[in-house]
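Since the structure comes first, as structure tokens, the remarks are kept for the end.
A short reminder: the numbers here are calculations on the coordinates, not readings from a lab. Only a predicted model underlies this, so the values are computations on that prediction, with no experimental measurement involved. Note that we place each Cβ from the backbone using ideal geometry, even for glycine, and neighbour counts take in every protein chain shown.
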Amino acid sequence: MAFDLTLQGGYKANNAFQTHPSTYYLSVVTQQTTKAWFSPKHYPDPLMNPVLKAGALYQGVKVNFDVDPIPGWGTGNLQISAWRENDGAVSAISQRYPFTAGQHPVGGEEIFDRQSIDKGKWYFEKAEKSTGRSFDHLDVGFGYLSDLTIVEAHKTLYRNIYRLLARLP
């Protein structure tokens, strides 16, 4: 299971699995790190659950590769600087849609404001954009238990998800 969280595991899964033409694909992207003004590295925000801070720091600051981890590494979004922003468990860029391998059509960003969502395409929304608050990996499911300041943002996020799902045919 931990292998699936690596670039190599994601690449293998993205290459093996297909996007099905009659399925809705919706992703809520979470992140709770901040880019340092003096470098491309990302550091955990003070709001991040302490359980996740070591993982966030590792992804945002420490991790690097002596050899290219997957084919195509070093071009476009396949550069370490694009993968440092994270939610303590997973990089933010990898939460959007599968793009490291395979053919996976993308519908785009900002799913809550769209008039329609097509099946067979990947759509994503940054949680912070729709709620005004950043989320770590645990906040989406357990935020109301870990941090009382997140209650309203949590409600907003789930209302938005509900409204979107209710509009789908």
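Taking region 1-72 on its own, what percent of its Cα-Cα pair distances exceed 19 Å? Can you show the working numbers first?
Values: 1395 of 2556 pairs.
Of the Cα pairs, 55 percent sit more than 19 Å apart.
Going by how many other Cβ atoms sit within 10 Å of their own, how do Arg163, Arg114, Arg133, Arg84 line up, fewest first?
Working: Arg163 10, Arg114 15, Arg133 19, Arg84 24.
Arranged by neighbour count, lowest to highest, Arg163, Arg114, Arg133, Arg84 become Arg163, Arg114, Arg133, Arg84.
I need Asp139, Asp118 ordered by Cβ neighbour count within 10 Å, fewest first. Don't skip to the answer; put the middle values down first.
Details: Asp139 27, Asp118 13.
The fewest-first ordering by Cβ neighbours comes to Asp118, Asp139.
Using a cut-off of under 17 Å, list every residue of region 86-108 whose amide N is near the label point 7 Å from the Cα of Ala36 along the Cα-to-beta-carbon line.
86
Sort His42, His104 so that the residue with the fewest other Cβ atoms within 10 Å of its own Cβ comes first and the one with the most comes last.
On the way: His42 24, His104 17.
Lowest to highest Cβ neighbour count: His104, His42.
Can you work out the FRET efficiency for the pair Gln115 and Lys155, with r the C-beta to C-beta distance and R0 = 25 Å, to the nearest 0.05? List each step's numbers first, then the result.
Values: r = 24 Å, r/R0 = 0.96.
Rounded to the nearest 0.05, the efficiency is 0.55.
Can you pull the semi-axes for region 34-169, root of five times each eigenvalue of the Cα gyration tensor, sorted largest first, whole Å?
Details: eigenvalues 141, 105, 24 Å².
Taking √(5λ) for each eigenvalue gives 27, 23, 11 Å, largest first.
Report the gain in length on full extension from Ala2 to Gln18: 0.36 nm times residue separation, minus Cα-Cα distance, nm rounded to one decimal. Kindly include the intermediate steps, with their values, before the conclusion.
On the way: separation 16, 0.36 × 16 = 5.76 nm, distance 2.13 nm.
Additional length available on full extension: 3.6 nm.
Which whole-number percent gives the relative contact order of the chain, counting Cα pairs below 8 Å spaced six or more residues apart?
It comes to 27 percent, rounded to a whole number.
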